[in-house]
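Worksheet: one structure, shown below.
The values are calculated or read from the model by the stated rules, or taken from the named source; none is laboratory data. In this text the structure is predicted, and so the values were computed from the model without any measurement. Counting neighbours? That spans all protein chains shown, and the Cβs are built from the backbone with ideal geometry, glycine included.
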Amino acid sequence: MERGYRVEGYIGLNEDRVVITREIDQLQRMVDQLRNNPTDRRILLNAWNVGELEDMKLPPCHFVLSVWSRELDFQTRLSMATDIGIQHNRHGYESIYTQMLCLIEQRGSISEPMLDELGIPKRILNSCLVQRSVDTFLGMPFNIAGYGILTQFIAKITGHMAGAFVHFGFDVHIYNNHLEQVEELLAREHPESSDPIVVFPHEWEELDDFKWDGVQIFGYEPLPWIKAPVAV
């Protein structure tokens, strides 16, 4: 059967009724839409399953991820690609963006057909996460990092450059048993040299290629971790 429908079995005295279920891979659908119809304004993931809320121990805190794609003019495309190339060069990572910088250095300039030949994306992908409840100290950093990496990965496999990640939180709070940890964090001096970038193996082209141990993060200078209890 098409569109994710599946026959689970038959019921009734004569087994004359069929039980059909449907599975929807929202993430794969998002990728397919970005590849085939990137201007669609309805490309999103939704975790708010109303039919199952009563059976959940905790309804989803972050429940909508929306993405939108737009085409880049030549100058913006070149400027973004240059910034990415500079970051990659700084960390010794070879990519189509560093190749572009080499060409510019050799020739003095670069044309749009040359960007096309290198495979420099023509579109930018922005994303927006909507979160009903935000644990600022423990949850929010993990959510931002996770969805930021997801945005970067989706951009890569759909022929985009990653743009902005926007995070909307409704009830944004700090728990009482996190106050000391927050004060410690705010009192720290954070290294100005910490400017992380995320890259993936060049051969990754599909969602199923993703593996956490293949994700590379350069330029991240973490401070010692601060222990805090999870508040539920």
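When residues in region 41-51 are screened for being in a helix (DSSP H, G or I) and at pLDDT 95 or above, 0 of them pass. If you check PRO141, PRO224, PRO121 for being without any contact (Cβ under 8 Å) to a residue 60 or more places away in the chain, farther than 25 Å from LEU65 by Cβ and not charged (D, E, K, R), only one passes: PRO224. Please identify the pairs in which a residue from region 190-208 that is in contact (Cβ under 8 Å) with a residue 12 or more places away in the chain has its Cβ atom under 6 Å from the Cβ atom of a residue that is acidic (Asp, Glu), counting only partners at least 6 apart or on another chain. Once the first residue is in contact (Cβ under 8 Å) with a residue 12 or more places away in the chain and sits in region 190-208, its partners that are acidic (Asp, Glu) give PRO191/GLU221; SER194/GLU221. All conditions in (1) in contact with a helix residue (DSSP H, G or I) (Cβ under 7 Å, 6 or more places away or on another chain); (2) surrounded by 14 or more Cβ atoms within 10 Å (Cβ to Cβ) hold for PHE218, with the sole exception of (1). Taken over region 41-58, the criterion of being touching a residue at least 12 places away in the same chain (Cβ under 8 Å) and either within 27 Å of PRO141 (Cα to Cα) or surrounded by 12 or more Cβ atoms within 10 Å (Cβ to Cβ) (or both) is satisfied by ILE43, LEU44, LEU45, ASN46, ALA47, TRP48, LEU58. Where helices (runs of 4 or more DSSP H) fall wholly inside region 96-177, the ranges with 3 or more residues that are surrounded by 15 or more Cβ atoms within 10 Å (Cβ to Cβ) are 96-107, 139-157. Within region 52-93, the residues that satisfy the criterion of being in a loop (DSSP other than H, G, I, E, B) and over 24 Å from CYS128 (Cβ atoms) are LYS57, HIS91, GLY92, TYR93.
The requirement of being at pLDDT 95 or above, more than 30 Å from LYS227 (Cα to Cα) and exposed (fewer than 14 other Cβ atoms within 10 Å of the Cβ) is fulfilled somewhere in region 178-201, by at least one residue. Total residues in region 25-40 satisfying the condition of being part of a helix (DSSP H, G or I) and in contact (Cβ under 8 Å) with a residue 12 or more places away in the chain: the figure is 7. Residue selection: ASP209 satisfies the criterion of being surrounded by 13 or more Cβ atoms within 10 Å (Cβ to Cβ), among the acidic types (Asp, Glu) and out of contact with any Gly (no Cβ under 7 Å at 6 or more places or on another chain). The set of residues in region 31-68 that are closer than 15 Å to ASN126 by Cα and of a type in the set (A, V, I, L, M, F, W, C) comprises VAL31, LEU34, ILE43, LEU44, LEU45, VAL64, LEU65, VAL67, TRP68.
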